[in-house]
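S.K.: My questions will all concern the structure given below.
Every read-out reported here was derived from the displayed coordinates using simple, explicitly stated rules and does not represent laboratory data. If you're wondering where the values come from, they're calculated on a predicted model, not measured in any experiment. We place every Cβ from the backbone using ideal geometry, glycine too, and count neighbours over all the protein chains shown.
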Amino acid sequence: MQPAFTALVQRVTDELQQVAVALQQAAEEASTVELDQTSVGRLSRMDAIQQQAMAQERQERIRMRQRQLLAAQDRLAHGAYGRCCECDEDIDQDRLQQDPAVVFCMTCQMQRDQPDRLR
Ligand SMILES: [Zn+2]
């Protein structure tokens, strides 16, 4: 196994742990806001609703990252890691170093980000 590969496995594992902690914090935050809502006046109730929406949005973002990382872990385990999920080409090493959970090669990512411009 290449040393770079082992390092990536470690990074994905580490980040999954961080994500689990962050998700728990966000969930606690969201439920705290919910409890507050029952005891506050109308104006701060608006704030509470807004705060809760933000906490939920944050949870959703973290969950998305968690799914990305779990998918990367799955690909690492099955030897499919480092290949683009769209075109099956090898993903650039620098790109993997920047984000070990990256799914697409640079070209496919650009096509997904700007579908109108490239079609
Ligand atoms: Zn690709």
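S.K.: By the scheme Lys and Arg +1, Asp and Glu -1, what is the net charge of all other residues having a beta-carbon under 13 Å from that of GLU15?
M.R.: +1
S.K.: Inverting the mean 1/r over all pairs of different Cα atoms, compute the Kirkwood radius of the chain and quote it in Å.
M.R.: Every distinct Cα pair counted, the radius reaches 16.7 Å.
S.K.: On to the next question. Under the Karplus relation 6.51 cos²θ - 1.76 cosθ + 1.60, θ = phi - 60°, what is the ordered set of whole-Hz ³J(HN,Hα) values for region 84-96, x standing for Gly and Pro?
M.R.: These are the phi-based 3J(HN,Hα) values: 5, 6, 9, 10, 6, 7, 5, 7, 3, 4, 4, 5, 5 Hz.
S.K.: Out of residues 5 or more away from ARG83 or on other chains, whose amide H comes under 5 Å of its own, with H placed 1.01 Å from N in the peptide plane?
M.R.: Amide H neighbours of ARG83, under 5 Å, 5+ apart: ILE91.
S.K.: Suppose only helical runs count, i.e. DSSP H with n ≥ 4. What mean residue ellipticity at 222 nm does that imply for the chain under -39500 (n - 2.57) per run, divided by all residues and rounded to the nearest 500 deg cm²/dmol?
M.R.: Result for the chain: -25500 deg cm²/dmol, rounded to the nearest 500.
S.K.: To continue, here is another question. Work out from phi, with θ = phi - 60° and the Karplus expression 6.51 cos²θ - 1.76 cosθ + 1.60, the ³J(HN,Hα) of each residue of region 15-28, listed in order in whole Hz, and give x for Gly and Pro.
M.R.: 5, 4, 5, 4, 5, 4, 5, 4, 5, 5, 4, 5, 5, 5
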